[in-house]
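Presented below is the structure to which this report refers.
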Amino acid sequence: MKPFDYVRPATVTEAVAAAAQPGAVYLAAGTNLLDLMKGNISRPDRLVDVTHLDGLDAIETLADGSLRIGALVSNADLAHDPAFATTYPAVAEALLSGASAQLRNAATVGGNLLQRTRCAYFYDTASRCNKREAGSGCDARDGENRGHAVLGWSESCIATNPSDFCVPLVALDAVVEIEGKGGRREIALDALHRLPGNTPERESVLEPGDLIVAVRLPPTARGFAAHARYLKVRERTSYAFAVVSAAAALRIENGKIAEARLALGGVAAKPWRARAAEDVLTGVAPTTDAFQEAAWRALADAKPSGDNAFKIELARRIVVRALRLAAAGTPARLPALPASPLASTSGAFHA
Amino acid sequence: MPELNLTSAPAHLRHGSNIGQPLTRRDGFLKVTGQATYAADNHPPGMLFAVIAVSSIAHGRVTFLDVAAAKRHPGVVDVMTPEHKPQLAIDPEIKTNPFVFRMEALHSNEVRYANQPIAVVIAETLEAATEGAALLAPRYETLPPLVGLDAGESFVPPVVGVGNPTENHRGDVEAGLAAAEKQIDATYETPPQYHNAMEPHAIVVQWDGDSLSVDMPTQGLKLSLARIAELFGIAHDKIHIRSPFLGGGFGSKGLMGGPPVLGIMATKLVGRPIKLVLRREQMYGPVGHRAPTRQRLRLGTDGEGRLTALDHHARTVSSTFDDFYEPAADASHTLYAAPAIRTSHDAVRVNTGTPLFMRAPGEATGSIALESAIDEMAWACGMDPLAFRLKNYAEVEPITGKPFSSKALRACYEQGAARFGWAKRSLQPRQMRDDDGLLVGWGMGTATFPALMFQAEARAAIRRDGSGVMEIGAHDMGQGAWTALAQIAADELGLDIDRVAFKAGTSDLPDAGIAGGSAHTATAGAAIHSAGAAVIAKLAELATGDERSPLFGAGNAGVIARGGRLVRRDDESRGESYAEILARAGVAEVEARGTGAPNPAAMEEYAMHAHGAVFAEVKVDPELGQVRVSRMVGAFAAGRIVNPRMVQSQLFGGMIWGLSFALHEEAITDRRTGRIMNANLGEYHVPVNADVPPLDVITVEEHDPHVNALGIKGVGEIGITGSAGAVANAVWHATGVRVRKFPIKIEELLTQS
Ligand SMILES: Cc1cc2nc3c(=O)[nH]c(=O)nc-3n(C[C@H](O)[C@H](O)[C@H](O)COP(=O)(O)OP(=O)(O)OC[C@H]3O[C@@H](n4cnc5c(N)ncnc54)[C@H](O)[C@@H]3O)c2cc1C
Ligand code: SF4
């Protein structure tokens, strides 16, 4: 491993100053970063360990009804917080469908938001990858790309964002609170990740030193608790990234959809909010026809980036199913296999 | 080597009859408390770390390594390259016997596959060695790699597997097909797979004066010893290998590969103890894998569903520099009574590490194709798959016409089907749904694996205090050799298991043969059996020849050993303890050796195989195509069961691997570069707990007087066979979609909704 400095700042301000230096990166639980370092994909000069910073591990309800989740809250603690799981069931379901129990116990909210793509060519330093090394080329483009993006990709990069957590968050209009060199600011989660364009090496809008301190769910996010689901198709029953996933949240009033939220995972370089689909659902009855129409809208711009045309059809079907499940109502208890289409099959249950 | 502190004799043990008892693992306590020492747990004083640098191209040559940069890195002691390395006594490319594989020992700059070792960095710490390896930043002259089953001109290899004929036939297949009322012609593909033992390949090695001390997981202590001896020109008695535990091997630790040789070279180069452990991704290259196959099966039946012909052709690959050919088509030799059978193989060479035995080599790949084809044929005949298999039940081995030494397959079918509830299966596919609307499918497969025997030797002793010793260089890969073989030893010595010092796992002990071919318990057990009998005979001689003994005059055959005593066969009240016999004779111990080996006469006369029947239920989301196995029942007949608990675990493991074969496992090779793109356990999928349904294993009683003295057939590999096909057939039955390329993927099942 390349030798690096390790610093443990005492305050957020110190952290920002330390991380603003060239070659510095934040270390949270390290479940992604350390793997990247061991594989020589990331070769930082300095790790700024934020896990000891005070005040970043709280889950608090604010006066206006927003929920503020500190960046250091672990994925498991958040998902298992009873109030959180009842109010934002799709988010809890998404968290629990990700990785494994051990990883969720360690992984942080901030780290999850900024986890890197799982594109195999990105991980493989012998391959050309524009994201790893700007301008070097993209070996995934004509390679083994069955899992790659079908929306928002460019010739420079066809990678997907692997986070499950981000998918319902973006559907619920989550906001990211950032502490940077210029002080505190906030942006919509939908604006955090960038599509690749010609600069896939720039994955987010964050600047050097920017620290995510919290994620906030606005008061409106509470309105979907009764009809919110996350659905994730994967290649094994647990402990696998999504082939395609979807978060669907509905506000149903008098038998009609008053408001719909829909986002897709595993299809693009960012969690993919499907606003056009939401629009066609607003004000209509929650019928399969309506859901199918929504699914067509959601994938209208999709195109294969390789051997992955099936993901478009799969995504449509997932959208329809996720909306159907949401319309049917949030289950009283999270299924034993969160977000799995096979949640109800008998057998040994282990998330 | 410190004595292993194994716990023995749980209270439920039936005294005097250890074989057949479900003892828990005697090494279990050591393992769960972290005291079991695996090779990489050793840290001799002064030890350095060696890290292999591997090639990132699959074909070409290394033109430059930045050795200076690596050496400048703090902590790096030396960098071993083709230009700077100790000489070997013989060329590692020479095949001195068929069980030797050509390996990379930095003997040239040529690159023949991705992840080939190209240099070794030796440093004071693992981190420094790792960074040193990264700093080598190799440059290459790259040549186009050969990739995939159509990489080049195919050829017919001289043999497949271990010396099996490439082609085999009985009867006239073309005539049988021409006369058939119904025919199928289907082609199946299986992917490259990697053993992925939990414990990576590792070696800790040091010189102890002029002898070499090696800690290394191996499935073949004596084979490894012989290979080290010839490569380094060291006498056999100057090499000591310890391999008390393996964290799985599955065939990848059977024959000595290049990486441990590099570890020994490194210790020679720097004169200090060395530890070398492969990284997970480095296990996708130099230590073997299961080759991909493309298999064409043509089957014909008469009007009653009786097979008229079975033609099985398998295409596979080997490396560009050595020969191992997955004998996939041979799976069709033994199961179904077609009057005409032909099996054949061809191969292409690709830029890959040489493929190797991987748990059920040939049987696993062949079985999923054969069992799928049988299922397709049954459907074409409009017959239930079990009824079809029974209709074509082989009373004698189809390819040879030999009788079976024993074959309780009919009972496996019956008991497995009854437990599963097979009779309620719909004939048509896509008919069954569960309460949640998921498609439900039931499939089955027949399991089979040959009952093999190798050569082994054991040493037994009875000591003055009446306790026993059994020594055999056996290998515990997790299958339970420490337990099962000790049970056999206890029985043979007529002692309770806690009175037997059972020694295994080092090369200084008598040769136990390899732990492979599902033959270890049978082979080592046979040696233990004969050594035990021989030492008891010596003890009996002492007693029966001594007029002061109550056994005087009983004659050798007239005594039996039980509970630490010899007693007269005709009057069990007359006898005396081992301790008394030895005390009176004034000897500290009696000892004897025994051997285990196949019986050529019996092999000539009989076909010897274990059998089984596996039934699987899958659930499939009708729109989204995600599959989950919800139930599996396997009924297996494998001769004598030495330890039912260990056997059940082996069969569970095999069935899970079968499920994995059908649905999960695949090394994804970049078609342009020949590199494996998922060389890690995050992306190379094996089943996790949530993929494994409740498994039900039935061991069907089977008595086999011919396979060996103990009647043991072996259970290590058979569980994969049958299971993979059962799951694949269940997916068809659930969906109506016949997928012939494994593993079955979601997109294949999205065709309907
Ligand atoms: C085998 C495996 C399987 C997985 N499966 C899934 C899955 O199915 N679904 C899924 O969603 N995820 C999955 N993950 C990914 C996992 O969720 C992430 O690794 C984890 O969430 C990262 O959190 P962390 O705290 O460990 O981040 P780290 O690894 O510490 O950091 C990740 C990145 O975020 C940056 N960072 C961390 N915190 C902050 C902050 N507060 N402000 C600014 N930058 C920050 C770091 O600099 C780094 O670049 C899997 C991971 C593994 C290893
Ligand atoms: S898809 Fe993106 S991440 Fe993958 S290799 Fe291409 S540029 Fe790199």
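The values are calculated or read from the model by the stated rules, or taken from the named source; none is laboratory data. Keep in mind the model is a prediction, meaning the values are calculated, not measured. Backbone-built Cβ (ideal geometry, glycine too); neighbour counts: all protein chains shown. These accessible areas exclude ligands, DNA and RNA; they are computed on the full protein's heavy atoms, side chains included. Shrake-Rupley method; radii C 1.70, N 1.55, O 1.52, S 1.80 Å.
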Taking the options A:D5, A:D64, name whichever one is touching a strand residue (DSSP E or B) at 6+ places or on another chain (Cβ under 6 Å), over 15 Å from A:G209 (Cβ atoms) and open to solvent by 20 Å² or more (accessible area, probe 1.4 Å).
A:D5
Restricting attention to the stretch A:297-319, and to residues there that are among the basic types (K, R) and away from chain B (no Cβ under 11 Å), which single residue is nearest to A:L169 (Cα to Cα)?
A:R297
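Residue check: is A:K270 within 30 Å of B:Y684 (Cα to Cα), in contact (Cβ under 8 Å) with a residue 24 or more places away in the chain and touching a His at 6+ places or on another chain (Cβ under 7 Å)?
It is true that A:K270 is within 30 Å of B:Y684 (Cα to Cα), in contact (Cβ under 8 Å) with a residue 24 or more places away in the chain and touching a His at 6+ places or on another chain (Cβ under 7 Å).
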Looking at the stretch A:282-296, is at least one residue away from chain B (no Cβ under 11 Å), touching a residue at least 60 places away in the same chain (Cβ under 8 Å) and not charged (D, E, K, R)?
no
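Scanning for something free of Cβ contacts under 8 Å to residues at least 24 places away in the same chain, in contact with a Ser or Thr (Cβ under 9 Å, 6 or more places away or on another chain) and not hydroxyl-bearing (S, T, Y), does the stretch B:671-684 turn up at least one residue? Steps first, answer last, please.
Narrowing the stretch B:671-684 to residues free of Cβ contacts under 8 Å to residues at least 24 places away in the same chain: B:677-678, B:682-683.
If we keep only those that are in contact with a Ser or Thr (Cβ under 9 Å, 6 or more places away or on another chain) too, we end up with B:677.
Filter again for not hydroxyl-bearing (S, T, Y), leaving B:677.
Yes, there is a match, as at least one residue in the stretch B:671-684 is free of Cβ contacts under 8 Å to residues at least 24 places away in the same chain, in contact with a Ser or Thr (Cβ under 9 Å, 6 or more places away or on another chain) and not hydroxyl-bearing (S, T, Y).
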Taking the stretch B:54-65, which residues are among the hydrophobic types (A, V, I, L, M, F, W, C) and within 12 Å of another protein chain (Cβ to nearest Cβ)?
B:V54, B:I57, B:A58
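Residues are listed down the side, and each one gets a yes or a no for (1) open to solvent by 20 Å² or more (accessible area, probe 1.4 Å); (2) of a type in the set (F, W, Y); (3) not in a loop (DSSP other than H, G, I, E, B):
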site: B:I52; (1), (2), (3): no, no, yes
site: B:T63; (1), (2), (3): yes, no, yes
site: B:A69; (1), (2), (3): no, no, yes
site: B:I90; (1), (2), (3): yes, no, no
site: B:A105; (1), (2), (3): no, no, no
site: B:S108; (1), (2), (3): yes, no, no
site: B:Y113; (1), (2), (3): no, yes, no
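A:A17: more than 16 Å from ligand 2 (Cβ to nearest atom) and within 14 Å of chain B (Cβ to nearest Cβ), yes or no?
Working: more than 16 Å from ligand 2 (Cβ to nearest atom): yes; within 14 Å of chain B (Cβ to nearest Cβ): no.
Considered against the rule, which asks whether it is more than 16 Å from ligand 2 (Cβ to nearest atom) and within 14 Å of chain B (Cβ to nearest Cβ), A:A17 comes out as no.
If you check B:T96 against the conditions, is it open to solvent by 60 Å² or more (accessible area, probe 1.4 Å), hydroxyl-bearing (S, T, Y) and away from chain A (no Cβ under 14 Å)? Before you say what the answer is, go through the steps one by one.
Values: open to solvent by 60 Å² or more (accessible area, probe 1.4 Å): yes; hydroxyl-bearing (S, T, Y): yes; away from chain A (no Cβ under 14 Å): yes.
Yes.
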Could you check A:E179 against (1) outside any loop (DSSP other than H, G, I, E, B); (2) within 12 Å of ligand 1 (Cβ to nearest atom); (3) open to solvent by less than 30 Å² (accessible area, probe 1.4 Å) and say which number it fails?
(3)
Say whether the condition of being among the aliphatic types (A, V, I, L, M), more than 21 Å from B:D434 (Cβ to Cβ), in the same structural domain as B:M432 (by TED's automatic domain parsing) and touching a residue at least 12 places away in the same chain (Cβ under 8 Å) is met by at least one residue in the stretch B:726-741.
no
What are the residues in the stretch B:89-129 that are among the small types (G, A, S) and touching a strand residue (DSSP E or B) at 6+ places or on another chain (Cβ under 6 Å), if any?
B:A119, B:A123, B:A128, B:A129
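Considering only the stretch A:273-281, I want to know if a residue exists there that is closer than 18 Å to A:L151 by Cα, touching a residue at least 60 places away in the same chain (Cβ under 8 Å) and crowded, with 16+ Cβ neighbours inside 10 Å. So that I can check it myself, show each step before the final result.
Kept after step one, since they are closer than 18 Å to A:L151 by Cα, are these residues of the stretch A:273-281: A:273-278.
Cutting the leftovers down to touching a residue at least 60 places away in the same chain (Cβ under 8 Å) gives us A:273.
Among the residues that remain, those that are also crowded, with 16+ Cβ neighbours inside 10 Å are: A:273.
Yes, there is a match, as at least one residue in the stretch A:273-281 is closer than 18 Å to A:L151 by Cα, touching a residue at least 60 places away in the same chain (Cβ under 8 Å) and crowded, with 16+ Cβ neighbours inside 10 Å.
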Among the residues of the stretch B:262-285, write down those that are crowded, with 24+ Cβ neighbours inside 10 Å and in a loop (DSSP other than H, G, I, E, B).
B:L278, B:Y284, B:G285
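Using the structure shown, decide if B:P694 is surrounded by fewer than 19 Cβ atoms within 10 Å (Cβ to Cβ), within 13 Å of chain A (Cβ to nearest Cβ) and touching a residue at least 24 places away in the same chain (Cβ under 8 Å).
Working: surrounded by fewer than 19 Cβ atoms within 10 Å (Cβ to Cβ): yes; within 13 Å of chain A (Cβ to nearest Cβ): yes; touching a residue at least 24 places away in the same chain (Cβ under 8 Å): yes.
It is true that B:P694 is surrounded by fewer than 19 Cβ atoms within 10 Å (Cβ to Cβ), within 13 Å of chain A (Cβ to nearest Cβ) and touching a residue at least 24 places away in the same chain (Cβ under 8 Å).
Would you mention how many residues in the stretch A:136-160 are within 22 Å of the chain's Cα centre (by Cα) and within 11 Å of ligand 2 (Cβ to nearest atom)? Talk me through it step by step, then tell me what you get.
Going through the stretch A:136-160, the residues within 22 Å of the chain's Cα centre (by Cα) turn out to be A:140, A:145-154, A:156-160.
Going one step further and asking which of them are within 11 Å of ligand 2 (Cβ to nearest atom), we end up with A:140, A:145, A:147-149, A:153-154, A:156-160.
Going through the stretch A:136-160 one residue at a time, the tally reaches 12.
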Scan the stretch B:531-553 for residues that are buried (at least 22 other Cβ atoms within 10 Å of the Cβ) and under 24 Å from B:A474 (Cα atoms) and report the count.
4
Among the candidates A:N75, A:N32, A:N40, single out the residue that is within 16 Å of ligand 2 (Cβ to nearest atom), open to solvent by less than 60 Å² (accessible area, probe 1.4 Å) and within 28 Å of A:P168 (Cβ to Cβ).
A:N32
Options A:D164, A:D173, A:D190; residue that is open to solvent by less than 20 Å² (accessible area, probe 1.4 Å), more than 8 Å from ligand 2 (Cβ to nearest atom), away from chain B (no Cβ under 14 Å) and among the acidic types (D, E)
A:D164
Do we have any residue at all in the stretch A:116-133 that's open to solvent by 50 Å² or more (accessible area, probe 1.4 Å), in a loop (DSSP other than H, G, I, E, B) and within 11 Å of ligand 1 (Cβ to nearest atom)?
yes
Residues of the stretch A:114-129 being more than 6 Å from ligand 2 (Cβ to nearest atom) and under 18 Å from A:L34 (Cα atoms), which ones?
A:L114, A:Q115, A:R116, A:R118, A:A120, A:Y123, A:D124, A:T125
Condition first: on the phi < 0 side of the Ramachandran plot and over 31 Å from the mean Cα position of the chain (by Cα). Can you find one or more residues in the stretch B:390-406 that meet it?
yes
Whichever residue in the stretch B:597-643 is of a type in the set (V, I, T) and within 14 Å of chain A (Cβ to nearest Cβ) and, among such residues, is surrounded by the fewest Cβ atoms within 10 Å (Cβ to Cβ):
B:V633
Among the candidates B:V697, B:V692, which residue alone is in the same structural domain as B:Y413 (by TED's automatic domain parsing), at pLDDT 95 or above and more than 30 Å from B:A526 (Cβ to Cβ)?
B:V692
If A:D77 satisfies every condition in (1) without any contact (Cβ under 8 Å) to a residue 24 or more places away in the chain; (2) outside any loop (DSSP other than H, G, I, E, B); (3) within 8 Å of ligand 1 (Cβ to nearest atom); (4) not β-branched (V, I, T) but one, which is the exception?
(3)
Among strands (runs of 3 or more DSSP E) entirely inside the stretch B:559-603, those with 3 or more residues being of a type in the set (D, E, K, R) are B:589-596
Conditions: (1) within 14 Å of chain B (Cβ to nearest Cβ); (2) under 30 Å from A:V16 (Cβ atoms); (3) not hydrophobic (A, V, I, L, M, F, W, C). A:D142 meets all but one. Number of the miss?
(2)
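State which residue is farthest from the other protein chains (Cβ to nearest Cβ) when the search covers only the stretch A:86-114 and only residues that are surrounded by fewer than 21 Cβ atoms within 10 Å (Cβ to Cβ) and within 18 Å of A:S245 (Cβ to Cβ). Lay out the reasoning, then the answer.
Restricting attention to the stretch A:86-114, the residues satisfying the condition of being surrounded by fewer than 21 Cβ atoms within 10 Å (Cβ to Cβ) are A:86-87, A:100-103, A:105-106.
Then keep just the ones that are within 18 Å of A:S245 (Cβ to Cβ); that gives A:100, A:103.
Numbers: A:S100: 8, A:L103: 10 Å.
Per the criteria, the residue is A:L103.
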